[in-house]
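Take a look at the structure set out below.
The values are calculated or read from the model by the stated rules, or taken from the named source; none is laboratory data. Source: prediction; values computed, not measured. As a convention, Cβ positions derive from the backbone with ideal geometry for all residues, glycine included, and neighbour counts pool all protein chains shown.
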Amino acid sequence: MNECPTVPPTVFVVDDDPAARDSVAALVSSKGLAVECFESAEEFLASYDRSQPGCLIADLRMDGMDGLQLQQRLIENGIRLPVILISAYANVPTAVIAMNRGAITFLEKPCGDHELWTNIRKAIRRDQQHRSDQAARDEISRRLATLTDPERDVLECLRRGSMNKVIAAELDIGLRTVELRRANIMKKMEANSLAQLLKTIMSSESDGDTKPPNDVTPTP
């Protein structure tokens, strides 16, 4: 399977407090990661390219769109960028909402460097895994698009567990034709066995938007 080119991750920091932005940016830079800072959610949304990997650190309380609203906007736009929310006014109900929406964690200001960096690393790993899985699904979709309509008919029968003779009778074609189309399907899908073929197709149909488990306890 083709691998997508590696693009270095960037940590995006959205906070209307300049001192807080600078503090987080200094930590991220000291760890060797790229960082981009924004003073508002609107400014971030206007410039963010969804192809850019990384994670988002956003303050909860900001003028205009707040951190929770920004997280919801990303979800509505189908952007899976992992989010870390921070706030000097943290509370359990808000943290629960953020976590239920898939946030990496909800931290109380001022954040300890170790705790923040640990969650940044977790967020980067989650983003890398999601992008890798999405690239794999896209590649499978590309292969499926190369199948002809007659080959798709045979593939649908194979998915139902039909044997070659049954497929030939159902589609009113010769057994040899079924065998040739099946061979073409296997070649185009780069599958070595029927089991691998079916597993590959099932993986492409899995819900790529399923929210990952919340494995970090929110800070009340």
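Checking 58, 95, 90 one by one, the residue that is assigned by TED's automatic domain parsing to the domain that holds residue 118 and in a helix (DSSP H, G or I) is 95 and no other. Considering region 113-220, the qualifying helices (runs of 4 or more DSSP H), each wholly inside and each with 1 or more residues that are modelled with pLDDT under 95 and under 21 Å from residue 78 (Cβ atoms), run over 113-145, 194-204.
Among the residues of region 82-104, just one is closer than 19 Å to residue 12 by Cα, surrounded by fewer than 20 Cβ atoms within 10 Å (Cβ to Cβ) and in contact with a helix residue (DSSP H, G or I) (Cβ under 7 Å, 6 or more places away or on another chain), namely 101. Of the residues in region 29-42, at least one is at negative phi, touching a residue at least 40 places away in the same chain (Cβ under 8 Å) and either assigned to a loop (DSSP other than H, G, I, E, B) or under 19 Å from the mean Cα position of the chain (by Cα) (or both). Kindly indicate whether residue 108 is among the charged types (D, E, K, R), out of contact with any Cys (no Cβ under 7 Å at 6 or more places or on another chain), surrounded by 16 or more Cβ atoms within 10 Å (Cβ to Cβ) and modelled with pLDDT under 95. For residue 108, the condition - among the charged types (D, E, K, R), out of contact with any Cys (no Cβ under 7 Å at 6 or more places or on another chain), surrounded by 16 or more Cβ atoms within 10 Å (Cβ to Cβ) and modelled with pLDDT under 95 - is met. For residue 142, the conditions (1) under 19 Å from the mean Cα position of the chain (by Cα); (2) surrounded by 14 or more Cβ atoms within 10 Å (Cβ to Cβ); (3) under 30 Å from residue 204 (Cβ atoms) are fulfilled apart from (2).
Please verify whether residue 170 is surrounded by fewer than 17 Cβ atoms within 10 Å (Cβ to Cβ), touching a residue at least 12 places away in the same chain (Cβ under 8 Å), among the acidic types (Asp, Glu) and in contact with a Cys (Cβ under 8 Å, 6 or more places away or on another chain), treating the condition exactly as stated. Taking the combined requirement at face value, the residue satisfies it. Taking region 43-63 as the range and being surrounded by fewer than 16 Cβ atoms within 10 Å (Cβ to Cβ) and of a type in the set (Asp, Glu) as the test, the residues that pass are 43, 49, 63. Screening residue 92 against (1) within 21 Å of residue 130 (Cα to Cα); (2) in contact with a Pro (Cβ under 6 Å, 6 or more places away or on another chain) leaves a single unmet condition, (1).
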